[in-house]
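What follows is one structure encoded as structure tokens, with my remarks underneath.
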Amino acid sequence: MTMTIPPKDRGNRRASLADVARLAGVDTSTASRVLNADRNHRMRPETRERVTEAAKTLGYSPNPLARALRTARSFSLGIAVPQLVSPVFEQIIAGAQAAARERGYGLLIAHVPENGAEAFEQLTAANRVDGLLAASLDDDKALGPALENTGVPFVVLNRKAAGITNCIVLDTRAAAYLAVQHLTALGHRRIAHLAGRAGGYNANDRLAGYQDALAAAGIAMDPPLIQNAGYTVEGGAAAMQAILARSDRPPTAVFAATLLSAAGAMSTLRDAGLDVPKDVSIISLHDGILAEVMNPALTTVRLPAREMGYEGTTALIDLIDGRRDNVARVLDQNELVIRRSTAPPRG
């Protein structure tokens, strides 16, 4: 559908809602309902399409200050993440930003450390956000009360916690199974696991997936091959050092919980004089540019992290608007991405 801007010259004036309505051939209230995603009023799909196209043609964006004064909302959301440099959280934030922008919201990004329970309340109070996306704070006992104390709707991303119903997670157990299954199919029998944070929701799921895949291949689990690494480069390097120090016979393959720990492990293997993948294959969960530029390029299981941020934000706005009562979803679109870091074991 193509629209032509009316001949009247608007100069540099910002397009108004009335301009959008005029171009779409509808009244201003109809244009407002479409652009504010009001689903309580029925209208023809082609009407919605005309209004949306008119807004794009005119470069229309709502005036956030006027809208906030009219509705007593800030039309801003907060997202709390434990790391700002992680490729995984970068993807989550990108998805959240895209969804917020589509619905006319701003997104405030905040670094909240894993022990920063009080930061949630400070974030919402100081910035008057209408809702909160929480991907931080691993302590289940602290997470629920911390979110409830904010007084705003919230959605937890990337984990489940007791007493919290609003959450969107990835199926990391299935992803871990897919990763280790790839290694066993190559012929590996001695497979190490660089685990996440001990006792954490995702760490437990990934460990379970690792165990499932070993059992399916008829391989007995060897506890000395499992080491908590967390989700950092330093943690991955230290964990790999610990596993190598336990035996004169290193593993032939490594399954890392995430990209950063895989990068650290690869550095340790290189320092130990071991070649990847000739001596040790390595695979991790999540994917991104970091996996592509490692040397060798890292085999991964790609998880829908961006989609999680997008879906979580959309669901949060629906909670704010009263269009839904709860959010509970597991995203399972996992995909094996084979690169040069995995190969059959020597001999």
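The values are calculated or read from the model by the stated rules, or taken from the named source; none is laboratory data. Since the structure is predicted, the reported quantities are computational estimates derived from the model, not experimental observations. Quick reminder, even Gly has a Cβ in these numbers, built from the backbone with ideal geometry, and neighbours come from all protein chains shown. Note: accessible area is taken over every heavy atom of the protein model, side chains too, but ligands, DNA and RNA are not part of it. Shrake-Rupley method; radii C 1.70, N 1.55, O 1.52, S 1.80 Å.
Annotations
- Protein accessible area in the chain, 1.4 Å probe - carbon and sulfur %: 50
- Simple Cβ-charge dipole of the chain, Lys/Arg +1 and Asp/Glu -1, about Cα centre, in debye nearest 20: 960
- Reported label for calculated log10 I(q)/I(0) by the Debye sum over Cα atoms at q = 0.07, 0.10, 0.16 Å⁻¹ given (1) -0.32, -0.65, -1.49; (2) -0.39, -0.69, -1.23; (3) -0.28, -0.59, -1.81: (2)
- Among Ile289, Ile168, Ile79, residue whose mean-square fluctuation peaks in a GNM of the chain (springs only between Cα atoms under 10 Å): Ile289
- A Cβ-based charge dipole, computed about the Cα centre of segment 207-347 with Lys and Arg at +1 and Asp and Glu at -1, lands at about 340 debye.
- Additional length obtainable on full extension of the chain from Val293 to Leu186, 0.36 nm per residue less Cα span: 36.2 nm
- Sites Arg346 and Ser247, calculated FRET efficiency, Cβ-Cβ separation with R0 22 Å, nearest 0.05: 0.85
- Extension gain for Leu331 to Asn36 (0.36 nm times residue separation, less C-alpha to C-alpha distance): 103.5 nm.
- The residues of the chain present an accessible area of 47 Å² per residue when probed at 1.4 Å with all protein chains retained.
- Stretching the chain fully between Ile219 and Lys160 yields a gain of 18.3 nm (0.36 nm per residue, less the alpha carbon separation).
- Choice from Thr313, Thr57, Thr299 with maximal GNM fluctuation in the chain (Cα, 10 Å cutoff): Thr57
- With all protein chains modelled, accessible area of His111 [1.4 Å, Å²]: 100
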